[in-house]
Structures are given as structure tokens and as C-alpha cells.
Number of protein chains: 2
Amino acid sequence: MPIAPDILARLHAIVGESHVKTDDDSLKHWGCDWTKVRAPAPSAIVFPVSVDQVQGIVRLANEVKLALVPSGGRTGLSAAAVAAEGEVVVSFDRMNRILEFIPEDRLVRLQPGVVTAQLQAYAEERGLYYPVDFASAGSSQIGGNIGTNAGGIKVIKYGMTRHWVLGLKVVTGKGDVLDLNKGMMKNATGYDLRQLFIGGEGTLGFVVEAMMKLDRAPRDLRVMVLGTPDFASVMKVLAAFQKQLDLTAFEFFSELSTQLVTRHQGVPRPFDAATPFYALLEFEATSDKVVDEAMALFESCVEEGWVVDGVMSQNQTQAKTLWRLREGISETISHYTPYKNDLSVLIHHVPAFIADIDGIVADQYPDFRVVWFGHIGDGNLHLNILKPDDMGKDEFFAKCGSVNTRIFETVARYGGSVSAEHGVGLTKKPYLGYSRSPEELAYMKAVKLVFDPNNVMNPGKVFDL
Amino acid sequence: MPIAPDILARLHAIVGESHVKTDDDSLKHWGCDWTKVRAPAPSAIVFPVSVDQVQGIVRLANEVKLALVPSGGRTGLSAAAVAAEGEVVVSFDRMNRILEFIPEDRLVRLQPGVVTAQLQAYAEERGLYYPVDFASAGSSQIGGNIGTNAGGIKVIKYGMTRHWVLGLKVVTGKGDVLDLNKGMMKNATGYDLRQLFIGGEGTLGFVVEAMMKLDRAPRDLRVMVLGTPDFASVMKVLAAFQKQLDLTAFEFFSELSTQLVTRHQGVPRPFDAATPFYALLEFEATSDKVVDEAMALFESCVEEGWVVDGVMSQNQTQAKTLWRLREGISETISHYTPYKNDLSVLIHHVPAFIADIDGIVADQYPDFRVVWFGHIGDGNLHLNILKPDDMGKDEFFAKCGSVNTRIFETVARYGGSVSAEHGVGLTKKPYLGYSRSPEELAYMKAVKLVFDPNNVMNPGKVFDL
């Protein structure tokens, strides 16, 4: 859908002619994220460089009823940043500067287009640490992380992105600039509006600046990988270690995932024994005493029969290699056209929940292979169904879609979440009602209209008005 | 203002006749908090025992346009729970049960009337820890803590109440029951409405149930009190220790406060030397190495001239005695009719900010004594101006009121908060504009109308519609 010439001229006036793209390649490139569920079809891509320019674009959108889609690193897994309906994409690629570092407060003020890994490196250079980390950290932008309240592999200790956003400048759907919370740890002056924009997927306003908190750098991280005879043992290992140690991560994955990762990525197996499940845990070895405690815990888990074999990293290279068993999964299974779900239930429900879902898949499609992995320390499970080699993509996705309802009914029965950390976007929108009540949805829509009465900010994402 | 007989009859029908009080003593007792700025004048106190009863009260309020004030432990310092206009007070004293403990998730599901110290003790009995702690923990209720997003003395490590609320059941101003987030650590399914009710001071809805996260119990807490020659040194000590150790607290107070506390509470001085300021810091001595590190830091601070003398607790009794130097301040200065402010600025602004405020007070009222203390590790400063013995209370408060504007102008100049952890209520309402912009206020009011269109929930608190 080509953009109207008068609107194009107004966009040129706001950001400069060279910062509006309408060629096919650009529309395709900036019009989608990692999901590929909808064909990208934006009408233009604009590249603002300042808060004023973003405000100008939003005001124009209100005036001429233009739909805007925010665009960061385009690594999203729920199609929240997909423009498939002729929208104008607002890319933050040019607003990618770190503006200020305040050492006393361990705060970084930055623009939304800063890449996650860039912030991580910036912190490291200053002897500090930005702890939100996940597979796409090399491309994802902080603005997008805030929009989906990104989680990842260190949530058990460090929490979600929400925890690290101490200030947020946004342009609301009405075109107002709000400078929310200004970096303070304590501020009890009425509703914390900042929190609505975190995880708001750009539907209330666009993040144009943020103040991110850093933490002290972790010291001497040790990684253990433990093989367990069954899933129940994974949970017992979690409980035993969590009672004694401050874990910085506790992940799990299955033997099938280990077979695939070792085959595709050339990562060595952690030890000879093959066990149905593996736990990967990480902690700071702040003293020899901590390492001794970890070894004693390992031994008692073996005695209890919860662990068959295990290994502890002795240096950073070994730690990285062990991490690859977990971090290599997403890329590895992408070769098998996986059908992905990102689910969350309370930890004490996890064993029964996994058994129920396995039962549903086995019942309907006994030939499907299921790869479970995830952040078991915070109840977040990634369910991946692999396409059989001899099945067409369309048939496979149709079959997966037909079990979806039963999967999400199970999520609802356990009071869980249909999207733990990937957001709702377009792909989870039909299933939102399994995690949020009709009353909650009604309030969400009313809140949307407070900030974006003309529905110009990422319309059709999360819910339809 | 007596309550209309027909409304009284309807309240009786909802909660039972014996659970509505209209006698003068009860109206006075449940109609106020610790502020005493307004004379309590509610028309009735109701004591619901269930979510259904709260919902019934709110529906009645909408029908007959009744103003409701929520009431917890009544320890608030901003008059958010004061009923001075004939409101009906909804006390949560009878909804005071702990409903469920989920060890795998370290979650406690409870009613809002549970007292903070009750939750702390419940956690301790299970080898766990509820880390939000402050002077009024023995009376304050969890519902009230959530309403003001209570902070206290452990925020530097553990964050505010917000951080520990993983599920929240509320009755909104429209009378809907929302069951928000259900205890999950990860849930990216649209706007996190829970966050609006945390710190919402009961103006959007009333908390009727919460799921609170617990942490592992801290081990072998050590307390150090260090005397510093000036305020700048306090900040240098903070930076030095924070770089090396995971502090669980970092508080400061002045020599005047130490003189008053030792005199009034019989607490011994920490050491012979009297210094202008003191830092109290706390950490977990997880190994001897940590204690050695702390001693080495202490020695290097002495060498740098930042610390004149200091002491480290060798056991829990000593630790408690040292804490009393800080925790005894509020009660001690209450004998001096203090004019209290609860301010927050970014940490790097603290020294200049304190100097500016001291200058303003000294300039206008050179005979006033100022007690500074607070949670310097998170930028939260309690400014207390003491009434001279020979000055009347009215004259004193009038004079303090007249410097207020200059104090809050200074807060605004540093981008700080006029209420770091006490909330807005009635007492900070006139000054809210120093911390929140007109646009933010407009959005807050619009959000209020989404949840409470008839303005029946704690009307006139935080802002006027």
C-alpha cells in the first residue's frame, strides 16, 4: 500500500527526506520481526533522531489517523513489531546513543535504539553489569526490551527488564512527552505510570529515552550441569541448591535437546552418561566455602538419586562451553521448524503441567518430538514441537494450531501465562483470554484509550479495540 | 456527620450489624493515621471479612455515592487513610489471615490485614525472610504497605514492597474483582495493571488479597557504624563499600540525632569520638573472607580520612544495639514535635541537595535545629526540623510551612521526589506538582476515572479530580 504523497511530504519535513524509506527492500526489512507469521507490508519507514521528531510523527499520526509501528532490533517472537497493514514503521535505529553515565547511582541514560549487548559491554567497561541477557542480545534494542519487559536467563536472581528501568521518557499516543520517575529508586508520588509502558508493546506510547540501573559485576561465576533421571528430580535439585546458594541461573533441558545441540553445534557432551533431563545452574564462587558447599550439595543429590552425573566449570572457558548446551538450543531447533510456545506457571505446578502437556501432544500426535527447555527457576517453560521431516510446513502448523487450544486451556487451569516473556503482539492475541479475564481486558482497553485515544500506536497488537 | 439510616441498614446487611461501628471512640480511632493533621470525622467504620463483602460495600458506594476510605494499621505519615469528611472507613482488621504457603515458589497468599511483623515472623518460622522492614512494622498492614509501596531500611538490597508483590486481588472502584498476575515471576500478557494499585493509595481500588514473595533468610548479618568528619565522606564510604560488598543496608544520621537517641533511649554511643555524621552499614558475613574485606575497607577509609572511628558488631545483640542508633530516631524526635519531610534525589545529588536545604532553613530560621537521617544508599532523606522549646506548635508549623515551598522548589530543581516512601495522601497533595508534570497529573486523573468513575475510592487523596 503506497503512502499518500502529502503524508510522505510531511514525514520528510519532520525527519528529513533521506530518513524516510519506501523502497521494497526497506519495507520488507523493517516491516517484520523474527516471527515471519505475516508478510511485512508497511507503507514507509521513518528514522527519527530526536524526541521532538518522534513527537512530530505521533502528532501527525493523530491528525491524519496514521497507524504507527515501533521498531527496534526486530528480534521479537510475537509479531509485536510487524507492520502488515500499511502502517508507518518508526525505527529507532538512529536513536542509539548512550547519553550519560552516573557512577554514584549506577545509572545509564540512553536512547531506545541502544543494542542490549552494547549496554552490557558499556557496563562491563566500567566494572559494572547489565544483567538482562538472552539469545538475541546482540541485536535486540533496549526500547524493545522495555516494550516486552524482556526476561532471559538471569531472571531468577536479577528479575525482568522492569526491575532495571528507573526512568522512562515516552511520547504517548496523544503526543505528550512524559519524563517518568527520573532514575529514582524511591518515589511514592501517585501512580507509577512508567510500569504501564514496560511491557506495553508500544501500544500506549513509544519509549524515547530510558535510565537503566546497573549492578555490580558478578565474580567468578561457576556453572554446573547435572544429569537427572526424571523431571521430578530437576525440581528437587532446584530446591536443594536454592536453599543454600544464591543462584544466578537455573535452567533445564532434555536429552533430545542435548543430542541436537551436540550434533549441530559441535558442543561436547557434559559427561558420558545420557540422562533424560539436565539442570544447568550458575552461582558466584565468592569464596572457597561456596564452592565446597556446591560440591557437598552435588554429592547429596547423587546420594538421594536425583543426580546421575555432573560437572562443574573450573574456568571461564569451561563455563561458556557448558552454557552453550543451553544457549545453543534456539538456533539448533530452528533447523526443525519448531512450533514455539513460551509458557509460565508457578514452580510447584511445573511437573504436573509438563506431564499434562506431554500427554496432550502424545495423544494427538504421537509422532511429534517435543523439546522442553527453559528457565525452570522462575517457572518459565519453552515448549517446542519439532516438525517431522516428512511432513509439510503448512500441515505441521495446522496440526500444532489444533492442539493450541488444549495447551492454553491447560495453562489457564494452572493459572499460568500464555506468554511468559515474549509478549502478545499478534501471535498470542487470540489466546490472551486464557491468561487475562474479560474484566482485565476491558480495563486494559480503557487504559489504552487514555493514552492513545485515536489508536495510532501499534494498533491491533495485544488486543483489538 | 451521622450516617443516613437507610445506608447504615444496607451496611449492616452486608457485613452484619456487629461489624459496623458508629460510636465516637471508634470513629476517632479508625478515622485517622499517625499524622493527626486533620480531625477524624468518618460517618461509620465497617469491618468486612471477605472479598464478597468488600465488593458489596463498593457496589453500594457507587449506587448511593458514598466515599470510602481504606484503613490498615493506620501508621501512615501522609494522611492517606484519614477520614475527615464523613467518609465510611473500610477497615481490613478482620481480613488478617495468611491463607496459603507455597514453599517451591516461596510465596505466601494472604489477606490485606496481615501485619507486616506477622508476615516477617511467618517467613522466619519457615527459614525464609520477608525483607521489607521499617519502624512501624509491628502495626502496619500489608494492604497499606502495598497501597503506599512501602520502603524502609533494606531497600538498597531488596527493593520496595512493589518488588515482593507477585499477585494482587483487588476490588476496583467500579466493583470488579481483578485477580492480577497470580504469583508469577514472568508474565508478558499486556499491561501489568497490578503495578497501578501498588502505590495507588486505595484511590483505584482496594487490595483484598496478595501473593507475597519471600527470600532466603540472610546469614550472619554484621553491622558497622562509622563516624565521618563531614557529609561528603559518608558518600565516599558508601561508594567504597558498595564496590566490594553486597550491602543489605546503608543508613546515615547526624551527631545531633545520636545525642538525642543516646539521651532518650539509653542506647550507648557506638564509640568515644563524636563526629558530625555517622554511616550505619550492614552486610552478610557469608565467610571470613567477607569480614576481612570489610575490615580492610574500614582501614582504607580511615587512611583516606573519610572515617574517624568505627565499630563492627561481633554478635546479634551488638548488631541490634547499633541498629537502635538509627531505628530509635523517629520515636526520639517525636518528643520535639518534628516537622517531617521524606525526600528523594539521585545519590550523586545528595551532598549538594543537603547543603542547599540546610542553607534555606538556616537562612530563614537560624534557631531551628535540623535532624537529617535516612536511607542514603537509595537517595532517600528524612528531613526533620525540631520545634524550639520556647515556640508554640502553631507558630512552628506555620514557619515550617513557609519554607516548604523553597524546599520543594529545590527538590524539583534536582529532579527529585516530594515523597520517597510515605505517599501523597492529603499532606503532600499540594506539592505533587513539584514531582509530577501537569501532563502526568492529567493522565493519572484519567486513569483514576477508568477504575473509579464515581470517585468513591479514597476521594481527595493524592489529587483532587
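The values are calculated or read from the model by the stated rules, or taken from the named source; none is laboratory data. This is a predicted model, so every value here is computed, not measured. Glycine gets a Cβ as well: all are built from the backbone with ideal geometry, and neighbour counts include every protein chain shown.
Only residues that are without any contact (Cβ under 8 Å) to a residue 24 or more places away in the chain and either away from chain A (no Cβ under 14 Å) or among the hydrophobic types (A, V, I, L, M, F, W, C) (or both) were counted in region B:221-243, giving 1. Counting only helices (runs of 4 or more DSSP H) that sit completely within region A:91-208, zero hold 2 or more residues that are hydroxyl-bearing (Ser, Thr, Tyr) and modelled with pLDDT under 95.
Among the residues of this structure, A:Phe283 does not count as one that is in contact with a Gly (Cβ under 6 Å, 6 or more places away or on another chain) and farther than 28 Å from A:Leu386 by Cα. Kindly indicate whether any position in region A:364-379 is in a strand (DSSP E or B), touching a helix residue (DSSP H, G or I) at 6+ places or on another chain (Cβ under 7 Å) and within 14 Å of another protein chain (Cβ to nearest Cβ). Yes, that holds for at least one residue. Can you find a residue in region B:401-415 that is in contact with a helix residue (DSSP H, G or I) (Cβ under 7 Å, 6 or more places away or on another chain), small (Gly, Ala, Ser), within 12 Å of another protein chain (Cβ to nearest Cβ) and under 24 Å from B:His349 (Cα atoms)? Taking every residue of region B:401-415 in turn, at least one turns out to be in contact with a helix residue (DSSP H, G or I) (Cβ under 7 Å, 6 or more places away or on another chain), small (Gly, Ala, Ser), within 12 Å of another protein chain (Cβ to nearest Cβ) and under 24 Å from B:His349 (Cα atoms).
Restricting A:Ile57, A:Ile7 to those that are surrounded by fewer than 18 Cβ atoms within 10 Å (Cβ to Cβ), modelled with pLDDT of 95 or more, assigned to a helix (DSSP H, G or I) and of a type in the set (Val, Ile, Thr) reduces the list to A:Ile7.
From the list B:Thr148, B:Thr116, the one residue that fits, being more than 10 Å from chain A (Cβ to nearest Cβ), of a type outside the set (Gly, Ala, Ser), buried (at least 23 other Cβ atoms within 10 Å of the Cβ) and under 14 Å from the mean Cα position of the chain (by Cα), is B:Thr116. Taken together, A:Leu432, A:Leu426 contain a single residue that is in contact with a Ser or Thr (Cβ under 8 Å, 6 or more places away or on another chain), touching a residue at least 40 places away in the same chain (Cβ under 8 Å) and either in the same structural domain as A:Val177 (by TED's automatic domain parsing) or not acidic (Asp, Glu) (or both), which is A:Leu426.
The rows are residues; the columns are (1) assigned to a loop (DSSP other than H, G, I, E, B); (2) at pLDDT 95 or above; (3) within 23 Å of the chain's Cα centre (by Cα).
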position	(1), (2), (3)
B:Asp394	no, no, no
B:Lys399	no, no, no
B:Arg406	no, no, no
B:Thr410	no, yes, yes
B:Val424	yes, yes, yes
B:Tyr431	no, yes, yes
B:Glu440	no, yes, yes
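Inside region A:433-457, residues that are farther than 20 Å from B:Lys445 by Cα and out of contact with any helix residue (DSSP H, G or I) (no Cβ under 9 Å at 6 or more places or on another chain) make up a count of 3.
One residue alone among B:Ala273, B:Ala294 is out of contact with any helix residue (DSSP H, G or I) (no Cβ under 7 Å at 6 or more places or on another chain), within 29 Å of A:Arg219 (Cα to Cα) and either small (Gly, Ala, Ser) or at pLDDT 95 or above (or both), and that residue is B:Ala294. Taking the criterion of being among the hydroxyl-bearing types (Ser, Thr, Tyr), facing chain A (nearest Cβ under 10 Å) and farther than 25 Å from A:Asp452 by Cβ, the residues of region B:423-465 that qualify are B:Tyr431, B:Tyr434. Of all residues in region A:212-230, exactly one satisfies the criterion of being outside any strand (DSSP E or B) and small (Gly, Ala, Ser), namely A:Ala217.
Could you list, ordered by first residue, the pairs with Cβ atoms under 6 Å in which the first is in region B:265-294 and over 17 Å from B:Gln316 (Cα atoms) and basic (Lys, Arg) and the second is modelled with pLDDT under 95 and part of a loop (DSSP other than H, G, I, E, B), at least 6 apart or interchain? Between residues of region B:265-294 that are over 17 Å from B:Gln316 (Cα atoms) and basic (Lys, Arg) and residues that are modelled with pLDDT under 95 and part of a loop (DSSP other than H, G, I, E, B), the close pairs are B:Lys289/A:Ser287. When you scan region A:291-343, how many residues do you find that are in contact with an Asp or Glu (Cβ under 7 Å, 6 or more places away or on another chain) and over 30 Å from A:Ala398 (Cβ atoms)? Result for region A:291-343: 1.
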